[in-house]
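First the structure, then my questions, so here it is.
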Amino acid sequence: MALDYARELEELIQTVIAEGGSDIHFSVKTKPTLRVSGNLIPLVKKTMYTAEDTRGILNELVGKEKLTEFDSVQEIDFSYAYKDKARFRGNAFYQQGSISIALRLIPKEIKTLTELSLPPVLETFCQMQQGFFLVVGPVGQGKSTTLAAMIEKINQDRTEHIVTIEDPIEYTFESKNSIINQREVKIDTHTFHDALKSAFRQDVDVIMVGEMRGPETMSAAVTAAETGHLVFSTLHTNNAAQTIDRIIDTFPANQQDQIRIQLGSSLAGIFSQRLVPRVSGGLIPAYELLINTEAVSNLIREKRTHEINAMIETGSESGMIDMNRSLADLVRRGEITPENAIARSLNPKTFMRLI
């Protein structure tokens, strides 16, 4: 008997919300699968999906027009709102000739930095008038959630014009003391770069770019930070030093010295985070924070980014946070196991000396 795709999707959405999950996966010859506290859990009572089923689910999610577009490009990003209860960020793609879908739950409520167990020092970056602040880490480590908390802090505390540029829009904000305009790439603007260029003519104070993509977007973001704007964004990198190298290496060799100088002067900080399974259930962030002090700025300009890790390790008086010390603190507090901490440390030998 054919599935009722609307009902099937609603049941799965209600289940992932009730279980406190983060993702739903749909694939041919498998049962629908949830990710809860970092673990994948197949829903054993459900039937395995056919190629017709995954296509039917995607049609419910994006509609016929986008489904036709998907057939030509074979992968698509999208957002999906479930009544007034939840939003999802989705990606659909072909694999072995059939459709697979991944849905990421974007909670309706924007949590505070405190509720997310993030360090109070992040509030200082929400108070800045200008600068470039990046939240980095692998996929699925809570970068968008952290940025949303910081933007909401500004929204509540300051009177600013905030523009977000996203692909797709994830958290939706309600203007409070600030005015917030949210632009979705391919719907409200052609590209991140186009939207950033337009922002200079929109009397904008704060810009949030969902992701740094390509040298044009990076250059425009750095220029915006230099010219009196507070700019937030994300990158899929492992730590602060790698982030700086990734940005610089994105540019042609003849432009790298210039972007290095711009980055050295405009960077406010880089926050790297990992979500670690909590002993009591759920996930808790471990993190690293680089603050762009004069000494760090000199390292960036002088091509000495390999020394940044050591600067973070010894920079606690300046407010910097070392990832290994963050992990070790969580272990000492009984929040996470040593095994999970070691698995997320980029330097396990150094970590072992801290516990």
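Would you mind pulling out the separation of the Cα centroids of the stretch 280-345 and the stretch 13-52, in Å?
Rounded to whole Å, the Cα centres lie 34 Å apart.
Given labels modelled 7 Å from the Cα in the Cβ direction, how far is it in nm from Ile355 to Arg301?
4.1
Return one quarter of the surface area of the convex hull spanned by the alpha-carbon atoms of the stretch 122-352, equal to its mean projected area, in nm².
Taking the Cα atoms of the stretch 122-352, their convex hull projects to 12.8 nm² on average.
Going toward the positive end of the dipole of the stretch 5-106, with +1 on Lys and Arg Cβ and -1 on Asp and Glu Cβ, which of Ile17, Met48, Ala86 do you reach last?
Ile17
Something else now. About its Cα centre, what dipole magnitude does the chain give when the only charges are +1 on Lys and Arg Cβ and -1 on Asp and Glu Cβ, stated in debye to the nearest 20?
The calculated dipole for the chain is roughly 820 debye.
Under a point-charge model restricted to the Cβ atoms of Lys and Arg (+1) and Asp and Glu (-1), what is the dipole moment magnitude of the stretch 47-195 relative to its Cα centre, in debye to the nearest 20?
The calculation lands at about 300 debye.
Beyond 28 Å between alpha-carbons counts as too far, so tell me which of Lys29/Lys64; Lys29/Lys108; Lys31/Lys83; Lys176/Lys197 fall in that bin. Each step should come with its number before you reach the end.
Working: Lys29/Lys64 24 Å; Lys29/Lys108 32 Å; Lys31/Lys83 25 Å; Lys176/Lys197 26 Å.
Result: Lys29/Lys108 exceed 28 Å.
Can you give me the three principal axis dimensions of the stretch 4-70 from its C-alpha atoms, in Å, biggest first?
Dimensions of the stretch 4-70 along the principal axes of its Cα atoms: 34, 21, 20 Å.
Put a dot 7 Å past each Cα toward the Cβ at Asp157 and Gln127; how far apart are the dots in nm?
Taking the simple label geometry, Gln127 and Asp157 are separated by 0.6 nm.
Can you compute the label reach from Phe93? Point 7 Å from Cα along the Cβ direction, backbone N cut-off under 16 Å, restricted to the stretch 166-201.
168, by backbone N distance to the label point.
What order do you get for 321-332, 129-140 when each peptide is scored by the mean count of other beta carbon atoms within 10 Å, highest first?
Top of the packing list down: 321-332, 129-140.
Could you tell me the extents of the stretch 84-130's C-alpha atoms along the three principal axes, largest first, rounded to whole Å?
The Cα atoms of the stretch 84-130 stretch 49, 27, 20 Å along the principal axes, largest first.
What full-extension length gain, to one decimal in nm, is calculated for Ala18 and Ser198 as 0.36 nm per residue of separation minus the Cα-Cα distance?
Values: separation 180, 0.36 × 180 = 64.80 nm, distance 4.10 nm.
Working it through step by step, the gained length comes to 60.7 nm.
With +1 on each Lys and Arg Cβ and -1 on each Asp and Glu Cβ, how big is the dipole of the stretch 5-106 about its Cα centre, in debye rounded to the nearest 20?
300
Please give the length that would be gained between Glu317 and Arg246 if that part of the chain were fully extended, namely 0.36 nm times their separation in residues minus their C-alpha to C-alpha distance (nm, one decimal).
22.8 nm
Then there is this: Quick one: plug the Kirkwood hydrodynamic radius of the stretch 1-160 (C-alpha pairs) into Stokes-Einstein at 20 °C, 1.002 mPa s, and report D in µm²/s.
122
Something else now. Using Cα pairs under 8 angstrom and six or more residues apart, how large is the relative contact order of the chain, in percent?
Dividing the mean separation by the residue count of the chain yields 13 percent.
Any idea what angle helix 5-18 forms with the longest principal axis of the chain, computed on alpha-carbon atoms, 0 to 90 degrees, nearest 10?
The angle comes out near 40 degrees.
While we're looking at this one, here's another question. In Å, what Rg and Dmax follow from the Cα atoms of the stretch 280-355?
13.9, 45
Same structure, new question: Does a label point 7 Å from the Cα of Glu65, set along Cα-to-beta-carbon, have any residues of the stretch 154-174 with amide nitrogen under 19 Å, and which are they?
From the stretch 154-174, the list is 167-169.
Rounded to the nearest 500, what is the chain's calculated 222 nm mean residue ellipticity when only DSSP H runs of at least 4 contribute -39500 (n - 2.57) each, over all residues?
Result for the chain: -11500 deg cm²/dmol, rounded to the nearest 500.
Taken together, the values in this text are just the output of simple stated rules run on the coordinates, not laboratory data. Everything numeric in this text was worked out from a predicted model, so none of it was measured. Here the Cβ is made from the backbone with ideal geometry for all residues, glycine too, and neighbour counts use every protein chain on show.
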